[in-house]
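Please read the structure below before turning to the comments.
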Amino acid sequence: MEKSAVMTETQVKKFRDILTARQTELEGLIRNREAAAIETSADALDQIQHMVERELALETLGRESAFLRETRAALRRMDEGVFGNCLDCEE
């Protein structure tokens, strides 16, 4: 089995910069939870619309939270010196 090339410090720094920027972006998106707020309305159609909008916002929040966890995990792997290795086979 052929040993793959190790990432250079420049490549790792480039990925760290990208991941750090993405982490900051995701943290900002997650902090903005206004779309998930429960709104009341006397009109049944408005209530349904608010409910649908809230469900979409919660799905988006869940997806962004998962991306943030993955981003933080990648940054931790960089700190540990194993970024770039396959998580399954460690190659």
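The values are calculated or read from the model by the stated rules, or taken from the named source; none is laboratory data. Just so it is clear, the structure is predicted and the values come from calculations on it, not from any experiment. So basically every Cβ, Gly included, is an ideal-geometry build from the backbone, and we count neighbours across all protein chains shown. Ligands, DNA and RNA are excluded from the accessible area calculation, which covers all protein heavy atoms including side chains. Shrake-Rupley method; radii C 1.70, N 1.55, O 1.52, S 1.80 Å.
Condition first: without any contact (Cβ under 8 Å) to a residue 12 or more places away in the chain, under 15 Å from residue 23 (Cβ atoms) and acidic (Asp, Glu). Now tell me which residues in the range 39-74 satisfy that.
The one that is without any contact (Cβ under 8 Å) to a residue 12 or more places away in the chain, under 15 Å from residue 23 (Cβ atoms) and acidic (Asp, Glu): 70.
Is it the case that residue 88 is farther than 30 Å from residue 13 by Cα and at pLDDT below 90?
no
If you go through the range 9-23, how many residues are surrounded by 12 or more Cβ atoms within 10 Å (Cβ to Cβ) and not basic (Lys, Arg)?
Qualifying residue count for the region: 7.
Quick check on the range 81-91. Is at least one of its residues at positive phi, open to solvent by 70 Å² or more (accessible area, probe 1.4 Å) and not in a helix (DSSP H, G or I)?
yes
What is the number of the single condition among (1) closer than 24 Å to residue 8 by Cβ; (2) open to solvent by 90 Å² or more (accessible area, probe 1.4 Å) that residue 74 does not meet?
Residue 74 satisfies all of (1) closer than 24 Å to residue 8 by Cβ; (2) open to solvent by 90 Å² or more (accessible area, probe 1.4 Å) except (2).
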